[in-house]
Every structure is written in C-alpha cells, then in structure tokens.
Amino acid sequence: MEVFFHIVYIYSSAKECLGLHELKLNKPWFDEEYLGFLEQRKQAKMQCIQDPSQSNVEKMNSVRREVSRHFRNKKKAYLRDKFEDLETNSKIQNIKDLYRGINDFKKVYQPRCNIVKDEKDDWVADSHSIVDRWRNYFSQLFNVHGAKDVGQTEIHTAEPLVPDPSASEVELAIDKLKSHKSPGID
C-alpha cells in the first residue's frame with residue numbers, strides 16, 4: 001500500500017511541475033458513437049471473461065466483428081470525403097490546399113521532445129520557459145561580449161602556404177603557352 005502512495009505522490013508532483021499536455025486527436029472519425037461501440041465491446045469481453053460459456057464467447061465475437069466493421073466503414077467514409085476534397089481541389093486548381101491535403105496523408109509519426117534543460121540543469125517543460133531558454137542559449141552563442149582579444153586565427157594545413165606569383169612569373173607562364181590554343185580541357 002505504501003508503494004501506491006509513493007506512485008500517487010510522484011504522479012501528482014510530475015503533474016504539478018510539468019503540467020498536463022492535451023493531445024490533439026489525429027483521428028477525426030473518433031467521436032461519441034465510436035466511444036459507445038468501444039464500451040459495448042469492452043462489456044462483452046468482460047462478460048465473456050467472467051462467464052466463459054459458449055454463448056458469451058459467440059456474443060463477444062459477434063460484437064467484436066460488428067464493432068470492427070463499423071470502425072472500418074467509418075474510417076472509409078472519412079477517407080472517401082478527404083479524397084473527394086482533394087479531387088475538387090485538383091479540378092478547381094486550388095494547388096495550395098491540394099498539396100496540404102496530400103501532405104496530411106504522407107505524414108508519419110514523429111515524436112517530439114518538449115523538455116529542455118536550463119542553465120542549472122533543471123528540466124523545463126513550459127513552452128514559454130523553453131523559448132526563453134533557447135533565446136538565452138543563442139544570444140550567448142552568437143553574441144560574444146566577453147571576448148576582447150579576438151585576433152586573427154592561425155590556419156594549419158598539411159601543405160605549406162605558397163606565396164602569390166609575381167608579375168614576371170605570370171608573364172613567363174603566358175609566353176610558354178602555345179599559339180592559337182585556349183587553356184583548359186576540350
């Protein structure tokens with residue numbers, strides 16, 4: 001029982017420090033009717049677990065098939081509407097909305113990290129604090145206030161630095177060229 005209270009305390013502390021982030025639904029066909037079917041399937045499964053008779057198993061399987069069929073049909077209807085929207089955007093030359101709709105279908109899951117460490121190595125999850133942290137980081141990175149002696153840096157290469165050719169060396173090289181020939185590869 002003591003472990004449970006520790007878990008509750010950790011959860012409440014994390015909720016207080018980090019806050020709750022509402023996730024947006026990526027499945028627009030998920031509505032109240034959908035939740036009703038999920039609840040109906042859950043009840044049939046619980047009844048089958050409590051009393052595993054043949055009739056309960058058959059009832060659970062039929063409910064599960066019906067719910068799955070409903071989910072499939074609802075998703076197909078949603079996708080059909082989206083494809084019709086894309087088709088009308090294509091026909092009326094609304095290219096911006098057409099490509100926006102196509103990109104919605106091409107998107108894959110990309111996890112995001114909404115937590116950053118601040119200067120004191122504490123975790124920051126608030127969006128305003130994260131923006132402030134990045135602002136401070138880049139201002140420190142790009143604005144060098146404390147560097148007074150910014151001199152010329154030395155360049156270390158594997159080859160020794162060759163001095164620029166003098167005017168007489170250039171004239172001598174030009175005189176060695178053949179007549180009526182252009183420099184470079186044919």
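The values are calculated or read from the model by the stated rules, or taken from the named source; none is laboratory data. The structure displayed is predicted, hence computed values, not measured ones. A quick note on method: Cβ atoms are made from the backbone with ideal geometry, for glycine too, and the neighbour counts reach across all protein chains shown.
Before moving on, here are some points about what is shown:
- Sole residue being at pLDDT 85 or above and exposed (fewer than 14 other Cβ atoms within 10 Å of the Cβ), chosen from D104, D122: D122
- Whenever a residue of segment 89-104 is closer than 21 Å to P28 by Cβ, its partners that are surrounded by 12 or more Cβ atoms within 10 Å (Cβ to Cβ) and basic (K, R), lying with C-beta atoms within less than 7 angstrom and at least six residues away or across chains, give the pairs G101/K82.
- Some residue of segment 111-128 being free of Cβ contacts under 8 Å to residues at least 12 places away in the same chain and of a type in the set (G, A, S): no
- Where helices (runs of 4 or more DSSP H) sit wholly within segment 48-142, those with at least 2 residues that are at negative phi and in contact with a Cys (Cβ under 9 Å, 6 or more places away or on another chain) occupy 54-91.
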